[in-house]
Structure formats: structure tokens, C-alpha cells
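Before any comments, here is the structure.
No value in this document is a laboratory result; all are computed from the given coordinates. These numbers come from a predicted model, not from an experiment. Cβ: placed from backbone, ideal geometry, glycine included. Neighbour counts: every protein chain shown.
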Amino acid sequence: MPEPGDGIAALRTELAALHRMLVDSGLVVWTAGNVSARAGDDAFLIKPSGVPYEHLTPDSMVLCDLEGKPADGEQLKPSSDVFAHAYVYRHRPDVGGVVHTHSTYATAWAARGEPVPCVLTAMADEFGGEIPVGPFALIGGDEIGRGIVETLDGHRSPAVLMRNHGVFTIGADARAAVKAAVMCEDVARTVHLSRQLGEPQPMDAADIDRLYDRYQNAYGQ
Ligand SMILES: [Zn+2]
């Protein structure tokens, strides 16, 4: 992971690698989906609009201000989701990375407008409860960003299913947001498959709390 002193070049390299991770994890097709990373107090880097994943390089990432306006000297247009990302960065100072995908299983839940219920220990670990559904919103203004921020307010989940659209995830940095996007698709798939064979068994809220607390605070090296 880039450290603050490494500067923007390291962050560009990291962001290009994280986009490859979306492809490798099977979360995106064609040019859909994007990752952004906060760059200092008043800017973020984001994928360019309409560039195929195999052509993305560190230099093609677009530096924007927190209104979504590209910095002087940027050659490419930012992703058309830039205003949603910008809204999240303006309203959530704790967020350092945002990811958007139309990953298949999670987006199938979004199409039905149904939250993914917390019925797996892996969901309790990462999401601390259900993965909620946000409102239907058209691309291009603040509507999607507002829907993300308002829906995630009051949820421990770093992922939201925007109705009829797809997944947005947040994280302390871009890598954490990518991890949430990978885990979101994984649990959406498992719970979907479970549903085909019957009704998933609910989990006790106190157990979800304990699992979440342990995973967030004690798990790992
Ligand atoms: Zn989308």
C-alpha cells in the first residue's frame, strides 16, 4: 500500500492494480465499474470514462477535485460515475476509497430491491449485518452519491445495492473498498444459492455483533 509520503504516483500505480483486481475477481465486464482513491485533502483519483480495462495504466487515472472536476493537465475524462464518488468523499471524511460494480449476483439482488440478509458468519465479519438497498437514482448528478451516503448512514455495511443498478462500496482506502466489493459478490452468490434450496436460517443479532467486533478488531496479523 502507498504511504502518504509516496505521493500521487504510487497511488496511481495502486489504483491501476486494483482495477485489474476487479477483472480478475470477475466483478466487471467491458468498461463497466470503477475504483477511486482519495488523494490528499481535496482530490481523488478515478478511472477514466470508457477506457477498456486492459488499456488502463497508472497515468490514465484521472485526478479530480471533490466536485468531480478534473485537475489541470488531465488528458482523459473521468468515469461518468465521478459525481457519485465526489459526493461520498465530500460527505464521508473517513472514506479513502470507493468502488462501483455491476457484479452479477449482487446486482440481481439490487434488481429485486432486496437487501442481502445476514445469514453467514463471513457476512457478519465484513458487513456487520445485512447489505442494504439504496434508492433508484439516475447517473450524472448528486443523486447516486446522496443515496449511497444516506443508505450507509446507520449501517455497518461498507456496501450498498443501488436499486436497479449495482453495487457501491466504501473503505478506509481503495483496497478496502475493493475487498468489500469482492466479499459483497461472494455472499450475494452464496445466499442466492441457499435460497434456491430453502430458506436461509437467521443468525442471532448478538452473535453478529460478536463476529463483527472480533473480525474488525482482532482478526489477522
Ligand atoms: Zn453503474
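Worth pointing out:
- Top-ranked residue of segment 120-135 - restricted to ones that are among the hydrophobic types (A, V, I, L, M, F, W, C) and out of contact with any Asp or Glu (no Cβ under 9 Å at 6 or more places or on another chain), ranked as farthest from the ligand (Cβ to nearest atom): LEU120
- Residue match in segment 196-203 (condition: without any contact (Cβ under 8 Å) to a residue 24 or more places away in the chain, surrounded by fewer than 16 Cβ atoms within 10 Å (Cβ to Cβ) and not in a helix (DSSP H, G or I)): yes
- Residue in segment 153-174 that is away from the ligand (no atom under 16 Å from the Cβ), closer than 17 Å to ASN34 by Cβ and surrounded by fewer than 20 Cβ atoms within 10 Å (Cβ to Cβ) present: yes
- Checked against (1) surrounded by 22 or more Cβ atoms within 10 Å (Cβ to Cβ); (2) within 14 Å of the chain's Cα centre (by Cα); (3) within 20 Å of SER25 (Cα to Cα), VAL82 meets all criteria but (3).
- In a residue-by-residue description of segment 175-185, the property of being under 23 Å from LYS77 (Cα atoms), within 16 Å of the ligand (Cβ to nearest atom), without any contact (Cβ under 8 Å) to a residue 12 or more places away in the chain and part of a helix (DSSP H, G or I) applies to no position.
- Every condition in (1) surrounded by fewer than 21 Cβ atoms within 10 Å (Cβ to Cβ); (2) in contact (Cβ under 8 Å) with a residue 60 or more places away in the chain; (3) in a strand (DSSP E or B); (4) not charged (D, E, K, R) holds for LEU63 except the one numbered (2).
- Checked against the criterion of being surrounded by fewer than 17 Cβ atoms within 10 Å (Cβ to Cβ) and among the β-branched types (Val, Ile, Thr), the candidates ILE139, ILE148 yield just one match: ILE139.
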